[in-house]
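Worksheet: one structure, shown below.
The values are calculated or read from the model by the stated rules, or taken from the named source; none is laboratory data. As the structure is a computational prediction, the values presented were derived from the model and not from experiment. Using ideal geometry, Cβ is built from the backbone for each residue, glycine included, and neighbour counts are taken over all protein chains shown. When the accessible area is computed, the model is the full protein with side chains, heavy atoms only, and any ligands, DNA or RNA have been set aside. Shrake-Rupley method; radii C 1.70, N 1.55, O 1.52, S 1.80 Å.
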Amino acid sequence: NRHIHLASRPHGAPAPDNFRLETGPVPEPHEGQLLLRTVYLSLDPYMRGRMSAGPSYAPPMEIDDVMVGGTVSRVAESRHPDFSEGDWVLSGNGWQDYALSDGTGLIKLARDMKHPSHALGVLGMPGFTAYMGLLDIGQPKAGETLVVAAATGPVGATVGQIGKLKGCRVVGIAGGAEKCRHAVDTLGFDACIDHRATDFAEQLAKQCPDGIDVYFENVGGKVFDAVLPLLNTRARVPVCGVVAQYNSTDLPDGPDRLPLLLETLLKKRMRMQGFIIFDDYGHRYDEFARDMSAWYADGKVKYREQIVQGLENAPDAFIGLLEGKNFGKLVVQVGEA
Ligand code: NDP
């Protein structure tokens, strides 16, 4: 049983020596327990917050803890009445080959599911985040302009596609020409702009001739600076994540833009609202599951994932996620299906 531990806390961007791979015996389930074998491990930006000691919306990991993470796994051995060997489950095994469970919090997946890993993306937590953040807080209306960054990631891609289903003009923001092409050609966005371009702010303004009505905030930083002056009166800004800031150790240089933000909030009568998906919307999961499984089955919502082979490659893949090296939902294949 291989497991990856938090060896030390990162200062700024995580580095390989913040992680430690260990090997130990495969645990044995007692009566009422099951042994889960990890097949897919989800890598998500929130893990960066859990590696730091400071307060976040979830308690930090302790040094030497096994890295946390959502997983799709198979029941390798069951001494629990509700599960049998071979069942697929959505679980939280973390970064390891095997984990014991007493069944609490496990969600059974259909045995014949074509792509079980999709339960970590469009059909799971990131999809749910996009759905609730956009529809409940963003309140998009036909004809409005919606902007979303990290546009090819599992949250952003889903936000933009739901925006199209609701009749919005959707402008994505992504890192690089290939991602931007994917957002337009495959996901059906109206436009997508590379945030690394020197004239990024001008390009964004050009693609939003009627301003921005809904800005789904995934990244913060320079992207938000470019969006702020374009926001319309009564714009809605669901604040989902600020991935551009997760590795920051200090406030950015340059003029203090907080007064500008407050003034804009007031004059434009904007609404900005943060949310933590399961804390705020856990009770509405069924609504999401119903709509998204139908959209996905009908091909109305498309999904791209990047599968990295091997648990030992999880640290590098995770470090890359925070730099935009992933293209689509980042998943590690830990074991054979
Ligand atoms: P992604 O797979 O989209 O990965 C993050 C992406 O962020 C990168 O691929 C990169 O895309 C982009 N990025 C990284 N650094 C920068 C930067 N400096 N400037 C602009 N873009 C940057 O992640 P997810 O779809 O899983 O998550 C998206 C956001 O949603 C995150 O902020 C995450 O924390 C948040 N989230 C919040 C939840 C909640 O409950 N509030 C739940 C789930 C996710 P690119 O190369 O295109 O720039």
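Kindly provide the set of residues from the range 197-229 that are within 21 Å of the chain's Cα centre (by Cα) and more than 19 Å from Leu134 (Cβ to Cβ), ordered by number.
Gly221, Lys222
Where residues in the range 262-311 are small (Gly, Ala, Ser) and within 20 Å of the chain's Cα centre (by Cα), which of them is surrounded by the fewest Cβ atoms within 10 Å (Cβ to Cβ)?
Gly282
Considering the range 24-61 alone, what residues qualify as being within 20 Å of the chain's Cα centre (by Cα), basic (Lys, Arg) and open to solvent by 40 Å² or more (accessible area, probe 1.4 Å)?
Of everything in the range 24-61, just one residue is within 20 Å of the chain's Cα centre (by Cα), basic (Lys, Arg) and open to solvent by 40 Å² or more (accessible area, probe 1.4 Å), namely Arg50.
Show me the strands (runs of 3 or more DSSP E) entirely contained within the range 1-112 in which 1 or more residues are under 16 Å from Asn313 (Cα atoms), touching a residue at least 40 places away in the same chain (Cβ under 8 Å) and not assigned by TED's automatic domain parsing to the domain that holds Val155.
Values: elements: 2-6, 19-23, 34-42, 71-78, 88-91, 98-101, 107-109.
In the range 1-112, the matching strands (runs of 3 or more DSSP E) lie at 2-6, 19-23, 34-42, 71-78.
Note down all Cβ pairs under 9 Å where the first residue falls in the range 303-316 and is closer than 27 Å to Ile162 by Cα, the second is outside any helix (DSSP H, G or I) and β-branched (Val, Ile, Thr), and they're at least six residues apart or on different chains.
Tyr303/Val122; Arg304/Thr152; Arg304/Thr186; Glu305/Val122; Glu305/Val331; Gln306/Val331; Ile307/Val331; Ile307/Val332
Matching residues to (1) within 16 Å of the ligand (Cβ to nearest atom); (2) not aliphatic (A, V, I, L, M):
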site: Phe83; (1), (2): no, yes
site: Asn93; (1), (2): no, yes
site: Asp97; (1), (2): no, yes
site: Gly105; (1), (2): no, yes
site: Pro126; (1), (2): yes, yes
site: Leu134; (1), (2): yes, no
site: Leu146; (1), (2): yes, no
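Between a residue in the range 118-131 that is more than 16 Å from Phe327 (Cα to Cα) and open to solvent by 10 Å² or more (accessible area, probe 1.4 Å) and any residue that is of a type in the set (Gly, Ala, Ser) and within 11 Å of the ligand (Cβ to nearest atom), which pairs come within a Cβ distance under 7 Å, given they are 6 or more apart or on different chains?
Met125/Gly70
Taking the conditions exactly as written (in contact with a Pro (Cβ under 9 Å, 6 or more places away or on another chain), at pLDDT 95 or above, open to solvent by 40 Å² or more (accessible area, probe 1.4 Å) and on the phi < 0 side of the Ramachandran plot), does Glu77 satisfy them or not?
For Glu77, the condition - in contact with a Pro (Cβ under 9 Å, 6 or more places away or on another chain), at pLDDT 95 or above, open to solvent by 40 Å² or more (accessible area, probe 1.4 Å) and on the phi < 0 side of the Ramachandran plot - is met.
Based on what the data block shows, is Ala314 among the small types (Gly, Ala, Ser), over 19 Å from Ser56 (Cα atoms), surrounded by 19 or more Cβ atoms within 10 Å (Cβ to Cβ) and under 19 Å from the mean Cα position of the chain (by Cα)? Walk me through it before giving the result.
On the way: among the small types (Gly, Ala, Ser): yes; over 19 Å from Ser56 (Cα atoms): yes; surrounded by 19 or more Cβ atoms within 10 Å (Cβ to Cβ): yes; under 19 Å from the mean Cα position of the chain (by Cα): yes.
Yes.
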